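Contents: one structure, followed by commentary.
The values are calculated or read from the model by the stated rules, or taken from the named source; none is laboratory data. None of these values were measured; they are calculated from a predicted model. Quick reminder, even Gly has a Cβ in these numbers, built from the backbone with ideal geometry, and neighbours come from all protein chains shown. Ligands, DNA and RNA are excluded from the accessible area calculation, which covers all protein heavy atoms including side chains. Shrake-Rupley method; radii C 1.70, N 1.55, O 1.52, S 1.80 Å.
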Amino acid sequence: MKGFSPHLVVHRVGPTGAERLGDAAVAKAGDTLQVSYVAAGKTHGVVASIDGRGRVTVHLPLGGGAAAALDPKRETPLTASFELDDAPRFERFFFVASDGPFSVGEVAGACDALAKDPAKAATDPLALPGALSQSTLILKKAGP
């Protein structure tokens, strides 16, 4: 899909429906989020996040050592929504995609390394090979 990059779409789900959250939107502990990916033609991917406590979570795939096979042609929600915890400052999501298989461990390791420096974790890209595309979306955490 020429001119279209792999990216994430995040919605806050509430009693009155879903609200799309853009990059740097404000969210709070207890918000229910539905994360979706747009593969833009890529065939394999990993979705992970780093929070303000430096904790890394892999959201896709939910198990296994290999990147998930992606639906390359449409916006695809992850199988489950989740509730934001009370980690401070931010929740930053990464979507790493490729035209072929790659290791989840490679992405998780890059997330772990980045998470060790809270200032960089909110801004810097993951240290990954150039064959892997990456996009990011950060939510700023509100309140105490």
Search segment 61-83 for residues being surrounded by 13 or more Cβ atoms within 10 Å (Cβ to Cβ) and touching a Ser or Thr at 6+ places or on another chain (Cβ under 8 Å), and hand back the single one that is nearest to K28 (Cα to Cα). F82
Go through (1) at pLDDT 95 or above; (2) under 14 Å from the mean Cα position of the chain (by Cα); (3) farther than 13 Å from V56 by Cβ for G100 and report which single condition fails. (2)
Applying the selection to segment 27-39, what residues are in contact (Cβ under 8 Å) with a residue 40 or more places away in the chain, open to solvent by less than 30 Å² (accessible area, probe 1.4 Å) and in contact with a Pro (Cβ under 9 Å, 6 or more places away or on another chain)? V35, S36, Y37, A39
Mind checking which residues of segment 1-56 are part of a strand (DSSP E or B), among the acidic types (D, E) and under 12 Å from the mean Cα position of the chain (by Cα)? D51
With criteria (1) assigned to a loop (DSSP other than H, G, I, E, B); (2) surrounded by fewer than 18 Cβ atoms within 10 Å (Cβ to Cβ); (3) not hydroxyl-bearing (S, T, Y), L126 comes up short on (2)
Just a yes or no: is a residue in segment 9-23 within 13 Å of E75 (Cα to Cα) and among the aliphatic types (A, V, I, L, M)? yes
Quick check on L21: is it touching a residue at least 60 places away in the same chain (Cβ under 8 Å), within 24 Å of A87 (Cβ to Cβ) and touching a His at 6+ places or on another chain (Cβ under 9 Å)? yes
From D112, D99, D117, which residue is farther than 25 Å from R20 by Cα, exposed (fewer than 13 other Cβ atoms within 10 Å of the Cβ) and not basic (K, R)? D117
What pairs can you find where one residue is in segment 59-78 and touching a residue at least 40 places away in the same chain (Cβ under 8 Å) and under 22 Å from F4 (Cβ atoms), the other is of a type in the set (F, W, Y) and assigned to a strand (DSSP E or B), and their Cβ atoms are less than 7 Å apart, with a gap of 6+ or different chains? T76/Y37
So D112, is it among the charged types (D, E, K, R), in a loop (DSSP other than H, G, I, E, B) and touching a residue at least 40 places away in the same chain (Cβ under 8 Å): no
